[in-house]
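Derivation of every value follows stated rules applied to the coordinates shown; laboratory data play no part. Remember, it's a predicted structure, so these values are computed and weren't measured experimentally. Note that we place each Cβ from the backbone using ideal geometry, even for glycine, and neighbour counts take in every protein chain shown.
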Amino acid sequence: MKRSIAFCLMTMALAAAQAQQGGITPELLKDIKESYKPTPSDKAIYNAMAGTSISVLAKNHENLANFDTHFSNRVVSHGITDQQQSGRCWLFTGLNVLRAQMMAKYGLDEMEFSQNYCFFYDQLEKANLFLQGIIDTREKPMEDKMVEWLFKHPISDGGQFTGISDIIGKYGVVPASVMPETYSSEHTGQIADLLGLKLKEFGLQLRQAAGEGAKETTLEKQKKEMLGTIYRMLALAFGEPVEHFTWTINGETKEYTPLSFYQTFLGNDLTGNYVMLMNDPSREFYKCYEIDYDRHTYDGRNWTYVNLPIEDIKEMAVRSIKDSTMMYFSCDVAKFLDSKRGTLDLNNYDYASLMGTSFGMNKKQRIQTFASGSSHAMTLMAVDLDANGKPKKWMVENSWGAEAGYHGHLIMTDEWFDEYMFRLVVEKKYVPESVLDILKQKPVLLPAWDPMFAEEY
């Protein structure tokens, strides 16, 4: 008996020692500390960083003079929108692309679609997407990765272009004056928290009912009642969407529904006439990919894209801009952003000199390690070409208000574009046949938790 106890104690001690083998021991800490030999420069940097932000200290002042606002090719924009304190950049970007088309087509001096109207249905559809996903996965355990992912992502105000095609194609659009913004639509944090909390509660209720033997028809009935609650919460926060309204153009007043308004003045085939492109060097180029559950409606389509080298994407972007057509564009906007000047430039900040070390990951490595990904959507509308027709810089129309950046725009160097641009949506007429042929492939299905599942905010 004693020998058994002793053996167990020895085993436990050995296991504990093995568990601690990778930890910081006093000896290792001593070596680490001794490797640091503070210099007078280190002291000066510490004193500066103690009271000043790193970005201020790392700003490369030699680069401040490099600020050219001339563009050889530019699509005229008409007024800067402001998403306020919300994650609806994808919606503002998509609607800005469409409003530019409508203004050009009808010679309008001003036009803005109601983001609030589209957002209402986006949130209702996302709620249904979550609840139906819970029903579909009801036989899987809570620890299942898909179930876990659903409960982590019940709803959000972020999105991407599939939300434009899914929501507008189904519900249409209305002018901003017909359904104006509310405080909650412009400040989505609190209502998002409440919706997410309620949906998680509903998700557990559906799983409990399924575990007790409820049939799918019963679960669907429960879901319907749950969506009624969500609808009420949305109506209280954003107002109830209009079904009919009157609008005047060129002195003629008519009554419209949201769908008839869209079909009358735009009528774009948002599903079939646009190609979604990605520059993801972590995966094989000239392939078609689909991301599971990366959509806004249950009956919509997943984010499906063609992965291409950056130079191929640039060619299509230039073609579109030269034809006065704006594009849905997304990138990792926070990287090397000088928000005051409105520039995105790899030389804006010199973190390496400040911290005394290099930051050497390339784009592929940053994607693989979740260090970078698409975070914000804007409207690509200008390029500056050199004498050989090669891009020097680009400009986007942003949705952070007219006072932000360069008169509401951001200017990016071509080098920055290479490193931090991810998604571009272009009309088919600007896409070569060789790329359109790739869309005929059966897409490689990626899971919902893939690094490229990144909603833009």
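Observations
- For MET327, the residues 5 or more places off, or on other chains, whose built amide H falls under 5 Å of its own are LEU380.
- Computed over region 272-446, relative contact order equals 34 percent, with contacts defined as Cα pairs under 8 Å that lie 6+ residues apart.
- Whole-Å distance, taken between Cα centres, linking region 196-215 and region 219-254: 26 Å
- Residues of the chain were split at every exposed loop site, defined as GluC sites (Glu not before Pro) in a DSSP loop with at most 14 other C-beta atoms within 10 angstrom, and the longest piece left, sites excluded, is 285-402.
- Under the Karplus curve 6.51 cos²θ - 1.76 cosθ + 1.60, θ = phi - 60°, whole-Hz ³J(HN,Hα) for region 323-336, x wherever Gly or Pro sits: 9, 6, 10, 6, 9, 6, 9, 9, 7, 9, 5, 6, 6, 6
- Note, ³J(HN,Hα) from phi for region 95-109, Karplus 6.51, -1.76, 1.60, rounded to Hz, x at Gly and Pro: 5, 5, 4, 6, 5, 4, 5, 5, 5, 5, 5, 10, x, 7, 7
- Extending 7 Å from Cα along the Cβ direction at GLN84 and again at GLU148 yields two label points whose distance is 3.7 nm.
- Label-point gap, in nm, between ASP418 and ASP68 - each point 7 angstrom along Cα→Cβ: 1.7 nm
- Positive-end residue, the chain charge dipole about Cα centroid, Cβ charges, pick of SER374, LEU270, THR93: SER374
- Cβ-derived FRET efficiency at R0 41 Å, LYS429 paired with LYS224, nearest 0.05: 0.45
- Translational diffusion coefficient (Stokes-Einstein; Kirkwood radius from C-alpha pairs) of region 58-197 at 10 °C, 1.306 mPa s, in µm²/s: 89 µm²/s
- When DSSP beta bridges are restricted to pairs lying wholly in the chain, around 85% turn out antiparallel.
- Computed log10 I(q)/I(0) for region 311-431 at 0.12, 0.21 Å⁻¹: -0.46, -1.28, from the Debye equation with unit scatterers placed on every C-alpha and solvent omitted.
- Only the Cβ atoms of Lys and Arg (+1) and of Asp and Glu (-1) were treated as charged; on that basis the dipole of the chain about its Cα centre amounts to roughly 1160 debye.
- When you filter the trypsin sites (Lys or Arg not before Pro) in region 266-372 for DSSP loop state and at most 10 other Cβ atoms inside 10 Å of their Cβ, you are left with LYS340.
- The Cβ shell under 9 Å around PHE336 holds other residues with a net charge of -2, Lys and Arg each +1, Asp and Glu each -1.
- Long pairs among LYS126/LYS224; LYS126/LYS200; LYS322/LYS392; LYS363/LYS428, criterion Cα-Cα beyond 18 Å: LYS363/LYS428
- The simple Förster model, with R0 at 35 Å and r as the Cβ-Cβ distance, assigns GLN441 and SER156 a FRET efficiency of 0.75.
- Orientation-averaged projected area, Cα convex hull of region 343-409 (nm²): 6.7 nm²
- Take the Cα of SER41, step 7 Å toward its Cβ, do the same at HIS187, and the gap between the two points is 4.7 nm.
- Straight-line cross-link reach from LYS287 at under 16 Å between alpha-carbon atoms covers these lysines, not counting any fewer than eight positions away in the same chain: LYS440, LYS442.
- Fully extending the segment from GLU290 to LEU28 would add 89.7 nm, taking 0.36 nm per residue of separation and subtracting the current Cα-Cα distance.
- Which labelled figure in [x] 58, 48, 47; [y] 96, 69, 47; [z] 77, 49, 45 is Cα extents along the principal axes in Å, once derived from the coordinates: [y]
- Gain in span if fully extended, THR217 to ALA334, counting 0.36 nm per residue against the direct Cα distance: 37.5 nm
- The slack in the chain from HIS407 to ASN388, taken as 0.36 nm per residue of separation less the alpha-carbon distance, amounts to 3.9 nm.
- Charges were assigned to the Cβ only: +1 to each Lys and Arg, -1 to each Asp and Glu. The resulting dipole of region 89-265 about its Cα centre is roughly 400 debye.
- Chymotrypsin sites (Phe, Trp or Tyr not before Pro) lying in DSSP loop within region 315-369, provided at most 16 other Cβ fall within 10 Å: PHE359
- Region 178-316 shape via C-alpha gyration tensor axes, a/c threshold 1.5: oblate
- Taking every alpha-carbon pair in region 253-397 and binning the separations at 10 Å intervals from zero gives 8, 29, 35, 19, 7, 2, 0 percent.
- Over the residues of the chain, the helix contribution to mean residue ellipticity at 222 nm works out to -13500 deg cm²/dmol, using -39500 (n - 2.57) for each DSSP H run of at least 4.
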